[in-house]
Amino acid sequence: MKELKKKISVSQLLLEMFSVIFAILLALAVNEWRTVRANENLADEALKKIKKEISSNLEIVKKTLELNRNIKERQKKAFINIRKEILSSSSDNIDKQIRLKFPFAFMTEPVKKTAWNSANLTHAVEYLDFNIVEVLSSTYEGQERYSRFNEKILEKLSSPGLFKKETMISEFQSYFMRLEMYFQITESLIENYELCLKKIDAQK
C-alpha cells in the first residue's frame, strides 16, 4: 500500500512538473509570437512611412529637374550672347552686363529623410527584408549626394570669378559642367526612387 501511494505521489509530482514546464514553454512561445508580431508591425509601419516619403521626394526631384533643364537652356543662350559682347568689348566692367543678362537661377527644394532616420532609430530596419534595406540605404545615400551637389551649384553661381573678364569664360564653362553632373546625379536618384517603390510594392 505504501509502495502504491509512493508511486502515485511520484506520478503526480512528475505530472505537475511537466505541467509547469509546458506552461512555461507555452508562455515563452506566446511571448515570442507577440514580439515577432510587434516587430513585423513596426517594420510594416516604417515601410509605409518610407514609401510615402520617397513618393513625395520623387515628385519634388522630378519637378525641380524639369525646371532646371529649362533654366539651363536659357542660361546657355544668355552665356553665348554675353561672351560675344564681352570679348568684343574693351571695357573691364562686366559685372553689370552679366547680372542684367544672365538668369542666375537654380531651383532647389529640400528632400526629406525623416522616415528613414526614424526607421533606423527605432531599429525597424532590422526587421525589413535585406534586399529592400540595401536599396533604401543606397537611395538615401544618393539623396545625400544630390543635396550636397545642389549646394555646390548654388555656390558656383555666386563665384566672384563669374564677374571677372579674365576668368568669366572658364568659370561659366565649369558651372555648366557641374550642371551636367547635377542632371546625371538627379536622374540616377529618380531611378533609385522608382526602384525602391517597386521593391516595396512587390513585398506586399
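Values as computed for the structure displayed
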| quantity | calculated |
| --- | --- |
| Tail weight of P(r) past 26 Å, computed on alpha-carbon pairs of the range 48-204, percent | 41 percent |
| Greater than 24 Å apart at Cα, pairs in Lys62/Lys84; Lys52/Lys198; Lys72/Lys164; Lys72/Lys113; Lys63/Lys84; Lys72/Lys101 | Lys62/Lys84; Lys72/Lys113; Lys63/Lys84 |
| Scaled radius of gyration (Cα, divided by 2.2 N^0.38 Å) that the range 124-204 gives | 1.55 |
| Stretch gain in nm, segment Ile80-Gln12, where the contour uses 0.36 nm per residue and the Cα spacing is subtracted | 14.6 nm |
| Derived scalar couplings ³J(HN,Hα) [the range 55-64; Karplus, 6.51 cos²θ - 1.76 cosθ + 1.60; whole Hz; x for Gly, Pro] | 4, 5, 4, 4, 5, 5, 5, 4, 5, 5 |
| Additional length obtainable on full extension of the chain from Leu67 to Asn39, 0.36 nm per residue less Cα span | 5.9 nm |
| FRET efficiency, 1/(1 + (r/R0)^6) with R0 41 Å, evaluated for Leu100 and Phe130 via beta carbons | 0.15 |
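Bear in mind that the values in this text are calculations on the coordinates, not laboratory data. The structure displayed is predicted, hence computed values, not measured ones. FYI the Cβ positions are ideal-geometry reconstructions off the backbone, even for glycines, and counts take in every protein chain you see.
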